[in-house]
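Student: Just passing along the structure, written as structure tokens.
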Amino acid sequence: MAAENYSNGGPDSNPCYLQKFGLYSTCSNFYMIGRDKNQTVWRVLKIHRLDSSELTILEDPTTYSEFECFDLLRRIHDGNRSTGGLNFVTACYGIVGFVKFLGPYYMLLIKKRRKIGSICGHNIYAVTKSEMIPISNSPDQSNVAYSKNEKRYKKLLCAVDLTKDFFFSYSYNVMDSLQRNLCKNETGLGHYETMFVWNEFLTRGIRNNLNNTLWTVALVYGFFKQVKLSVSGRDFMFTLIARRSRHYAGTRYLKRGVNEKGRVANDVETEQIVFEDVPEGCPTQISSVVQNRGSIPLFWSQETSRLNLRPDIILSKKDPNYDATRLHFENLVRRYGNPIIILNLIKRCEKKPRETILRAEFANSIRFLNNSLTEEDRLRFLHWDLSRHSRKATKSVAVLSRVADYALNLTGIFYCQVTPNCRPEGLLNLSCLVQNDEKLGKDAGNDKQNSSENVKPPMFQNGVLRTNCIDCLDRTNVAQYAHGLMALGRQLHAMSFIESHTIDQNSPLVDELMTVYEEMGDTLALQYGGSAAHNKIFCQMRGQCKAATQSQEFFRTLQRYYRNAYLDAEKQRAINLFLGHFQPQQGKPALWELDSDQHYTVGSHGLNSDEYAKPSFKRSLSDGNILYGTNTSMAASNVGHLERLSENLGATQGLSDSSSEMPTSEISYSRMSCKQLFGDMEMDHFFEGNRICFDENGDECNCTNFDMDWLSSSGNSCDDDTCDRSTTGPFSENIGVELKTEIATSSSESGSSIKGGYRTTSELTFDGILAEFSEIFVNWVTQGDMLIPIMITSR
């Protein structure tokens, strides 16, 4: 909510937020009464009910006392006695927005809320109950309001359940990171335009009308968890926030890759906040680290199939200059600054090429973009096939931790000390930081045990680690946990809780952090993929029974398949309606009458063909083939050079204007060999030796634009695995032969499975887990074969 100053008409250092509301109605108007937390400020909002075609909202500029406000309500009641007077409708905690389908406008309200945490004294709430109330009282709208399509649109909008994974704050900009809150003194309207406010469209009318956000709440969708932890006998609060972007939002198979504006599917910002649990009045140390996940920024897709658990991956060649990819990374630099470190976890070797073709194209795109960038602005591209090493969970997390350590040395963390006189009612800004330059100079060499006595200079994060796999769910969550664990060590060290930058692996914090990240992974996977995450690595690290893990993974695979194949289309329609991508109109096709949402987004006038044109794709019956779009046959390597990435992105800054003052680490891994960085762990061939990069045939090539000594091969070559490049599909002559099943780490991301390694269907059945299912059904679930095989008789 926006802060308002009622004495001079502008914002000041003591703003006020309305937090409790009462809705009243007369025959012709709604009256909403809002008050602040201390019940000292009362405001009145008037909403006309007789004009069903327009939303007319008037705000009384007067600030009332409680007595004056109720006296005003009494006079409104007396003036409307002939038409029924003034009636109380409901109490609420904020307006979510207004929406119109085919009939009248509706008002969405938060009926109940629940406190789920606080940051620097600013409370964070979850929605526990919401309500949709029709605005119009006009009799000529009665037939439209109860029409079949109107009811269906209302039901569709309510399918976006505000009581699940939505959260908000009245006084803290929870849509922004802590560093941005402190370094950017922004208020009000601007925050609703950010990518993480999901009700931006619903609140657009009232915000534009009143030119403030006093009456609305900004809903963020994702994950929020706050717990109290302790180390070395000292307590601290740990907060994990995941913010899901509203741009190119949707479900797993209907939103893949990137769109023309550079927005990627499943784009989630994860922030880890740590602060001291100290009594009120004491300076508080606080630290945060931000990381990002998002779909591979190329034009690719998968079409949902009810007969095939592993739909074909379709890679389009419609963007040979990688313009959309460039826009995506430009946006990351604007949001986080440089450097951008990309951790790509998809497979480098498959029996049937699926992920590998995306891996090759992704590497080509990074190479192409880096050609136009200066050395310091180049994208750092790291590739490691997590699926191949997932059977050794502890070693896999150890490798990912080294990658995280490398990234954190480049980006740093955010840390500061907040003064006790920073009022919870006020916006956080740099004035909240401890400012004592003289004491900094005098006490720089002193190491005092009491952190409140030793003022430390703030540190800032510049740059971000961006992690992806295929779905950016299961494997990505493991990598983000490893990054979070390494970051937590640095945060606690900055706060003088521990002496080392790393947390001992035997510390209870390791398991406690894993539990929170696992919960976040399950939540994000349910939102995008339809089931909880496949947590095989976490289960192995806990020593969980292998049979129980296999059973859990199998049924999550079935759950994800069912929801993707049968429920996601309706869920995508609900998201499009909620976000305003589709706005119903009389005489126009209904939302459910339109074609698949996979390759385009719908707008207020139906399909927006200019921005989201549906490409032409060739289809094939072969299982596992990668099918290229037919927009152009031009290869990326044959096109001309791309212009500099926003003129080396020099026109934009990172999250903080103080980036030049940020202390930089003297440790640099950018020139270290693989063995120095990763030890004796088994690595892919591109980590070995001094070679920089490989082309698609596995030959050494010049790839200095990556500015790294350990990079991904852009081809499908393997060193110790035999890759079957066959594109034989369900019409193979060997369809009756017992199939070998490659069980991947995550069935969501490779389409499959239950357990690592190669095992036959009969071996799976002997485990006792799948004995109740037929062999054909097991093959269908684990391998993606057709449920009803077509038998070919040879003549």
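The numbers here are math on the coordinates, done by the rules we state, and not lab data. Only a predicted model underlies this, so the values are computations on that prediction, with no experimental measurement involved. Reconstructed Cβ throughout: ideal geometry from the backbone, glycine too, with neighbour counts over all protein chains shown.
Student: When all C-alpha to C-alpha distances in segment 16-174 are sorted into bins of 10 Å, what percent of pairs does each bin hold, rounded to whole numbers?
Tutor: With 10 Å bins starting at 0, P(r) equals 10, 34, 35, 18, 3, 0.
Student: Still on this structure, I have one more. If you average the C-alpha positions of segment 512-552 and of segment 55-80 separately, how far apart do those two centres end up, in angstrom?
Tutor: 53
Student: How large is ³J(HN,Hα), in whole Hz, for each residue of segment 493-505 in order, when computed from phi with the Karplus curve 6.51 cos²θ - 1.76 cosθ + 1.60 and θ = phi - 60°, using x for Gly and Pro?
Tutor: With coefficients 6.51, -1.76 and 1.60, one gets 5, 5, 8, 6, 7, 9, 8, 9, 7, 10, 9, 4, 5 Hz.
Student: Does segment 188-245 classify as rounded, prolate or oblate by the C-alpha gyration tensor (a ≥ b ≥ c root eigenvalues; a/c under 1.5 gives rounded; else a/b over b/c gives prolate, otherwise oblate)?
Tutor: prolate
Student: If you don't mind, another one. What number results when the radius of gyration of segment 263-322, computed over Cα atoms, is divided by 2.2 N^0.38 Å?
Tutor: It is 2.04.
Student: Starting from the 7 Å offset along Cα-to-Cβ, what nm value, one decimal, do you get for the label separation of Asp511 and Glu570?
Tutor: Placing both labels 7 Å beyond Cα along the Cβ direction yields 4.1 nm.
Student: Which of Lys155/Lys261; Lys46/Lys184; Lys225/Lys536; Lys129/Lys154; Lys151/Lys588 have a Cα-Cα distance over 27 Å?
Tutor: Listed pairs above 27 Å: Lys155/Lys261; Lys46/Lys184.
Student: Label-point separation (nm) for Ala159 and Asp235, each offset 7 Å from Cα along Cα-to-Cβ?
Tutor: 4.5
Student: If you don't mind, another one. Taking amide H positions as placed 1.01 Å from N in the peptide plane, with prolines and chain starts having none, which residues 5 or more places from Val41, or on another chain, fall under 5 Å of its amide H?
Tutor: So Val41 has HN proximity to Asp36.
Student: Each label point is 7 Å from the Cα along the Cα-to-Cβ direction; what then is the distance between the points at Gln559 and Ser147, in nm?
Tutor: Spacing of the two 7 Å Cα→Cβ label points: 3.9 nm.
Student: Specify, per residue and in Å³, the volume enclosed by the convex hull of the alpha carbon atoms belonging to segment 157-291.
Tutor: 159
Student: Right, another one. Output ³J(HN,Hα) for segment 395-404: one whole-Hz value per residue in order, computed from phi by the Karplus curve 6.51 cos²θ - 1.76 cosθ + 1.60 with θ = phi - 60°, and x for Gly and Pro.
Tutor: For segment 395-404, the Karplus curve yields 5, 4, 5, 5, 5, 4, 5, 5, 4, 4 Hz.
Student: Moving to a separate point now. In terms of modelled amide H atoms, which long-range or inter-chain residues lie less than 5 Å from the amide H of Gly117?
Tutor: Ile124
Student: Separate question: Full extension from Ile116 to Lys37: what is 0.36 nm times the residue separation minus their Cα-Cα distance, to one decimal in nm?
Tutor: The Ile116-Lys37 span can extend by a further 26.7 nm.
Student: Something else: When the Karplus curve 6.51 cos²θ - 1.76 cosθ + 1.60 is applied with θ = phi - 60°, which whole-Hz ³J(HN,Hα) does each residue of segment 583-591 get, with x for Gly and Pro?
Tutor: With coefficients 6.51, -1.76 and 1.60, one gets 10, x, 9, 5, x, 9, x, 6, 4 Hz.
Student: Kirkwood hydrodynamic radius of segment 504-595 from all distinct Cα pairs, in Å?
Tutor: Evaluated over segment 504-595, this radius sits at 16.0 Å.
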